[in-house]
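Bear in mind that the values in this text are calculations on the coordinates, not laboratory data. All values reported here derive from a predicted model rather than from experimental measurement. Positions of Cβ are generated from backbone atoms using ideal geometry, with glycine treated the same way; all protein chains shown enter the neighbour counts.
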Amino acid sequence: MTGARVAARGWGWRYATRHAWAARGLDLDIAPGERILLSGLSGSGKSTLLHALAGVLGGDDEGEQEGTLAIDGDDPRDVHGRAGLVLQDPDAQAIMHRVGDDVAFGCENLGVPRDEMWRRVSSALDLVGLDVSLDRSTSALSGGQKQRLALAGALAMQPRLLLLDEPTANLDASGVIEVRDAVARVVESTGATLIVVEHRADVWRGVIDREVRLGPPASTTTAVFGTTPFGAPEIRGSGAEVPYSCTPLITTRDLTVARVKGKPAAGPIDLTIRAGEVLGITGPNGSGKSTLGRTLAGLLPAAGGTVVASDELRGDAAPQPIRWSSAQLLTRIGTVLQSPDHQLLAKTVREEIEVGPRALKLPPEEIARRTDDLLDRLRLDHLAAAHPHTLSGGEKRRLTVGAMLATRPRVCVLDEPTFGQDPQTWREMVGIMASLADQGIAIVAITHDLDLLSALGAREFRMGDAQ
Amino acid sequence: MIPVAQVARGPLAGINPVAKLAAALLVALPLIVTIDWVSALTALVLEIPLIVMSGLGWRSFWLRTLPVWIAAPLTAVSIALYGEQSGEVHFHWWLMNISDGSLELAAATFFRVLAIALPGIALFAGVDPTDLADGLAQRAKLPARFVLGALGGLRMVGLLVDDWRELEAARRVRGVADQGRIRRLAGMAFALIVLAIRRGTHLATAMESRAFGATTARTWARESPWGAREWALMAAGLAISVTALVVTTATGHLNIIVAD
């Protein structure tokens, strides 16, 4: 089997629900068997191109196409199974309940005879290195396993073009390696053409032949960012040299954390969070990082031991953050959860930032001042009237950070702040966090991103493996 | 998220879920159109072997059928109090009226609820959603698009529980969790619907990218089994309902709802 040839001529796509084109004026030639890394800012149309090649953009009622796009000369929508697609979210891709059925799903749709189908299933699972029983529940797999399952599902269709849309963005370090190695084996053995969309190019070094960059160069927007008070990110010193690092704000003793009552995820943990310090909580998926973050942030009760806020932080509130009211939490501990979609409450970007200050019953002029200031500093001012759910991933991330900062908390807990972000948003997040720490705010970052921690000179607290 | 059901291990456990569904419907059908106690009690007695053979352990049997054991007497009591009056009146107060007629009707309803619900629950206790989908599409010839879409959606239910937890945490973070509980819950419910639609869209994309909806005739990874056992189970269901009707007619108790 050989790889497919991909050709785009002045290709563009506009979703029926949007005014702007998701991708436009694209010319691209990819030779059979070539391995391409597709990069570009968020919103440059990378995912749209991949979806189009996979034939899942839909027909004329879903949007408008211009120019041509072809796999071996055919419209991608007419050649089911010629391209296989793996998406970013591991939870959104398993279709069936059992591993074997899930891999077989594509073959069933293509009308592959039963004997041939199960041969393909077992060879696909072999190739991606997923050595679990065919009856295993797809929900019981780890993130890296789920992504390899999705890869096997695509592979079983024997595609000549493999499309990967940020397949490792939601994975921990070992999951990233698992998936990268599986992809390398697959393209080596099948000779399929490969297109990977990925922000972290270094992961794919050695697998890809060349990089194709979509959309405008990043320089114009970066320049605007440079003029904001957050300043350009700079490498901070080691934790010990950071000023204000003396005042403890939150202390834990023998802390055990549990997401669901009665099922402790990690512990016992003794930690001190100090003003002006960046604390990075790291560890593999399932080690209880997010659960610890939420317990520190006053969102989950301690399963054992204590979390105590210093007198300075708590003021007139109770010593344990979990006993604070939602409004008391606002000025003390701010949190940005991992998924922006669950956190956005308002109808416009401006109102979103105003939610916290309003809950604090601040005077209207003060609310307006803080909101204007944050919109400006986070480069969201031109989007003030937009609906939060229409923003790009990077913009949503900045918005949730802005909504947290509007109430000026002394401690900021950020769950995967750089997760799946393009390099520009990454730099912005580093800049924002560095400037907060310089103002004496304590930052707790739950992250897989060791570059982030070294850029911030963070102290690392590493959690053990899942129990 | 959704535990794979491995409850039942009886002689009926491996039978095609479509046959179980058909048998349960065959048993229920005459009980829905008649309203006398003899047919219901006869069916209930004849169902006992079916329930035993379903292989559901005693503990899980009582646990799963508990709502039925609560609902059946409650329905019976209200029918006894308010049912159509006939024969000797034993008790009368305001609208309450216990008579021979209402007592008979109450007994009929009590047995009827049990006779319809118990075999359904017992037969379906061990059914795996995937096997049911296989059967519905291959044997009952329902459209594959519909059956597989529903099966895929079912897997999302567990994720919605996580979504709800996340929405709760987010409201506390944003400072809006102190008051207005009802309004907040309404807002969260709406957000959950939006998230569910988004998850559904993602699932649809994943399915389409695996050639779901292609014009090629679909093949199936597993044949949904259908043989003597399936026919036998359906015959048993039919026998139960026919026997119940014959007995009640022979004893002169037959009372068909539409004939009233």
Roughly how crowded by other chains is peptide A:322-334, in terms of the mean Cβ count from those chains within 10 Å of each of its Cβ atoms? 3
Among A:246, A:412, which comes first, second and so on when ranked by fewest other beta-carbon atoms within 10 Å? A:246, A:412
I need the P(r) histogram for chain A: all alpha carbon pairs, bin width 10 Å from 0 out to the longest distance, whole percents. 4, 18, 27, 25, 17, 8, 1, 0
Other chains near A:109-116: what is the mean number of their Cβ atoms within 10 Å of each residue's Cβ? 5
Within a 10 angstrom radius of the beta carbon, how do B:159, B:151, A:337 rank from fewest other beta carbons to most? B:159, B:151, A:337
FRET E, pair residue B:70, residue A:181, Förster distance 56 Å, beta-carbon r, rounded to 0.05: 0.50
Taking Cα atoms, the helix B:129-138 axis meets the longest principal axis of chain B at an angle in degrees (rounded to 10) of 80
Net length gained if the chain between residue A:9 and residue A:373 were fully extended (0.36 nm per residue, minus Cα distance): 126.7 nm
With each label point set 7 Å from Cα along the Cα-Cβ vector, what nm distance links residue B:58 and residue B:226? 3.9
Taking the Cβ-Cβ separation of residue B:82 and residue B:33 as r and a Förster radius of 25 Å, what is the calculated FRET efficiency to the nearest 0.05? 0.65
Defining a contact as two alpha carbons under 8 Å apart and six or more residues distant in sequence, what relative contact order in percent does region A:336-467 show? 27
Cα centroid distance between region A:1-41 and region A:337-374, in Å? 38
For region A:430-462 and region A:157-189, what is the centre-to-centre distance using only Cα atoms, to the nearest Å? 30
Work out the mean other chain Cβ neighbour count within 10 Å for the residues of A:297-310 and drop it here as an integer. 1
Along the Cα→Cβ direction, 7 angstrom out, place labels at residue B:189 and residue A:311. What is the inter-label distance in nm? 4.7
Between residue A:28 and residue A:389, take the C-beta separation as r, use R0 = 22 Å, and let me know the FRET efficiency to the nearest 0.05. 0.15
Listed here are the pairs A:263/A:396; A:261/A:289; A:146/B:141; which of them are more than 25 Å apart at the Cα? A:263/A:396; A:146/B:141
Could you state the number of Å between the C-alpha centres of region A:83-117 and region A:274-329? 42
Summing -39500 (n - 2.57) over every DSSP H run of at least 4 in the protein assembly as shown, dividing by its residue total and rounding to the nearest 500, the 222 nm mean residue ellipticity is -15000 deg cm²/dmol
Mind checking the angle between helix B:100-124 and chain B's longest principal axis? C-alpha axes, 0 to 90 degrees, to the nearest 10. 40
Pair residue A:64, residue A:259: separation of 7 Å Cα→Cβ label points (nm): 4.4
Under 24 Å Cα to Cα from residue A:361, which lysines show up? Leave out anything in the same chain fewer than 8 places away. A:347
